[in-house]
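Working notes, beginning with the structure itself.
Rule-based calculations on the coordinates, nothing more; no lab input. These figures come from a predicted structure and were not determined experimentally. Virtual Cβ from ideal backbone geometry, glycine too; neighbours counted across all protein chains shown.
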Amino acid sequence: MRGERAAKTTHRASAAAQLEGWGRASEGIEIIQVRMEAGHPMALNSDTRLLARHGRAEEAFTVLRSHIGEPSLAVALGAVAAWRPRP
């Protein structure tokens, strides 16, 4: 069961990356947001990175604010900050 779950998770993550590669990042973001709503632990990091890479860093920071206190917040915050455009 656990292996099947990991395979499904990897498939969804790679589907989002594939969509991004095809210039369809908005659809990839939707896939990752569904994973995040379902409580997948790595989805927060994936979602916020994808948002930031596509000029939506402020939206990514808004998503992160709702996760204050969660262990994954620090990793995701660092990833978004790295992609945020510099003035």
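From the P(r) of region 29-87, could you give the percentage of C-alpha pairs in the tail past 18 Å? In whole percent, the long-distance tail amounts to 22.
Here region 31-87 is assigned +1 on the Cβ of each Lys and Arg and -1 on the Cβ of each Asp and Glu. Its dipole about the Cα centre then comes out at about 240 debye. Along region 43-49 the Karplus relation, 6.51 cos²θ - 1.76 cosθ + 1.60 evaluated at θ = phi - 60°, assigns HN-Hα couplings of 5, 4, 5, 5, 5, 5, 5 Hz to successive residues, with x for each Gly and Pro.
The order of the peptides 24-34, 43-53, 59-69 by mean Cβ neighbours within 10 Å, most packed first, is 43-53, 24-34, 59-69.
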